[in-house]
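Here is the structure we will look at.
What follows draws every value from the coordinates through simple rules; no lab data is involved. All of these numbers come straight from a predicted model, not from anything done at the bench. Cβ: placed from backbone, ideal geometry, glycine included. Neighbour counts: every protein chain shown.
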Amino acid sequence: MPSASANYRTLLRTSGAVAFFLPTVVGRLGIAMTGIGIVWLVHARTGSYAAAGLVTGAFAVAGAVAGAQIGRFVDRFGQARVLPCALGAHAGAVALLLAGTVADLVAGVLVGATMPQISALSAAGWSALLSGERAAALPTAFALEALANGVSYLAGPALVSVLGAAGRPGAGVLLAAALVVGGGLALAAQRRTMPPLTGRTERRHAGRALLRFPFLRQVALGLAVGVFFGAMQVSVAAYAVGRGTPDAAALLYFASNCTNLVGGWVYGAWRHGGSPRRHQAAAAACLTLASLPLTFLDAPIAVGATLTLTGLAVPVLLILTSVLTEASVPRAVLTQAFTWGNSASAAGSAGAAAVVGRVVDTGGAHGGFGVAAGAAVMVAVLALGGLRDSSSDVPGSSAPTETTAPNLPAAGRDPGR
């Protein structure tokens with residue numbers, strides 16, 4: 001682990017890295033708090049979990065649909081111009097939700113539609129900062145992104161839940177909005193490290209890459225991973241409740257999340273040799289093999305151990321999805337590309353949570369685990385199919401458009417480290 005820490009320190013010592021990365025950490029913590037904050041606020045206001053779930057679902061769907069459009073505007077006009085406008089609108093939407101002057105459902109849609117996907121902006125920032133001969137450090141940078149997201153979704157919901165349980169659900173939503181707006185504005189101020197803008201003609205040609213198989217494969221893979229997440233969340237809770245030990249769900253979630261962080265940390269620190277597509281296929285195969293036993297295992301220790309194995313594979317898949325997305329599209333549409341991937345994952349998770357609830361009602365927790373295993377199989381099929389893609393989406397080759405994407409030198413030969 002000392003060498004791992006050294007690799008991450010080396011990355012953060014890159015000129016300008018800390019200045020733009022720290023604001024994104026603050027902003028994504030607020031994003032992680034917003035959804036559960038809406039649940040607490042609407043439930044306190046209506047006394048109905050059904051109403052709270054409906055508003056939160058509308059918030060998530062609106063964010064997934066509008067996020068890619070915000071990303072498109074960022075690619076066209078730049079983060080410095082788009083972020084303040086989006087954040088101002090987001091602050092206004094949160095104010096409407098807190099004041100209750102419009103229907104909660106409408107306010108939830110507005111809050112989601114105006115929230116910029118800060119993790120996508122951060123990923124695009126790393127791509128611009130680590131261009132040229134430093135590009136081999138991108139897997140480590142995307143691993144740092146995965147770690148920041150993982151920590152945010154561990155700490156954020158817990159903090160909001162403490163405020164909600166103390167009878168201050170509005171304070172949780174307000175704090176989340178303050179973190180999103182504050183982190184976003186601080187990011188918008190970092191003009192030196194922002195991705196450079198491109199011309200209209202270049203953007204038009206570059207947009208064709210968003211319709212080609214190398215990129216669409218990564219979006220589909222993100223969707224499948226999202227389905228896996230959503231199915232596992234419901235299934236783990238159903239398993240614990242079904243055994244009469246509902247408190248065990250927290251321990252199972254904790255074990256899986258901890259190994260998730262460890263898996264992302266270790267992969268990011270490793271000097272990656274070989275093809276990222278092969279790494280992705282290997283991680284997908286491991287996820288599938290680890291998920292299948294959950295369809296029949298019943299002993300808590302066995303289930304817990306299996307969940308920790310899935311937690312090791314998931315962050316590697318997410319890191320490599322970012323790496324291959326960055327390599328498959330030109331820089332002119334990179335923010336939009338990252339946002340589509342995030343939106344696909346969020347949509348898959350939300351949709352799976354709704355569907356698996358019905359599956360669990362009829363088939364029990366093992367039925368829900370079966371849906372998760374099916375999603376893992378789909379991840380493996382997509383990743384293995386990527387091995388047949390042309391060399392245009394691997395390090396060292398240009399994106400398959402008229403516009404040349406940044407080259408990624410072979411991993412493991414990083415002269416910038």
For R13 and A51, extending 7 Å from Cα along the Cα-Cβ vector and measuring point to point gives, in nm, a value of 5.6
Candidate span helices, the chain: DSSP H, at least 20 Å along axis from Cα coords, Kyte-Doolittle average at least 0.0, result 17-46, 49-77, 79-99, 138-165, 169-188, 213-242, 248-269, 276-291, 300-328, 334-386
Placing +1 on each Lys and Arg Cβ and -1 on each Asp and Glu Cβ in the chain, then taking the dipole about the Cα centre, the residue among V379, A337, V74 whose Cα reaches farthest towards the positive end is V74
Note: V266 to R388 extended length (0.36 nm per residue) minus current alpha-carbon separation gives 41.2 nm
Per the rule of 0.36 nm per residue minus the C-alpha distance, extending A189 to L211 adds in nm 4.7 nm
The Cα extents of segment 129-278 along the principal axes, largest first and rounded to whole Å, are 59, 39, 31
Restricting to Cα pairs under 8 Å and 6 or more apart, the percent relative contact order of the chain works out to 26
Protection proxy (average C-beta count within 10 Å per residue), highest first, orders 282-295, 212-225, 165-178 as 212-225, 282-295, 165-178
tail above 17 Å in the computed P(r) of segment 225-279, as % of all Cα-Cα pairs, reads 54
For the chain, the percent of all C-alpha pairs falling in each 10 Å bin, from 0 up to the bin holding the max distance, is 5, 23, 33, 27, 11, 1, 0
For segment 205-404, the Cα-Cα pair-distance distribution in 5 Å bins from 0, as whole percents, is 1, 8, 16, 19, 19, 14, 10, 7, 4, 2, 1, 0
Simple spin-label estimate for D361/V151, 7 Å along Cα→Cβ, in nm, reads 4.0
Sorted on mean Cβ neighbours within 10 Å (highest first), peptides 359-366, 26-33, 120-127 come out as 120-127, 26-33, 359-366
Computed about the Cα centre, the charge dipole of segment 1-139 from +1 Lys/Arg and -1 Asp/Glu charges at the Cβ has a magnitude in debye, to the nearest 20, of 260
Sorted largest first, the Cα spans of segment 89-215 on the principal axes come out in Å as 53, 32, 31
For V65 and C85, extending 7 Å from Cα along the Cα-Cβ vector and measuring point to point gives, in nm, a value of 2.0
Note on segment 1-197: contact order normalised by length, alpha-carbon pairs under 8 Å, 6 or more apart, percent, works out to 41
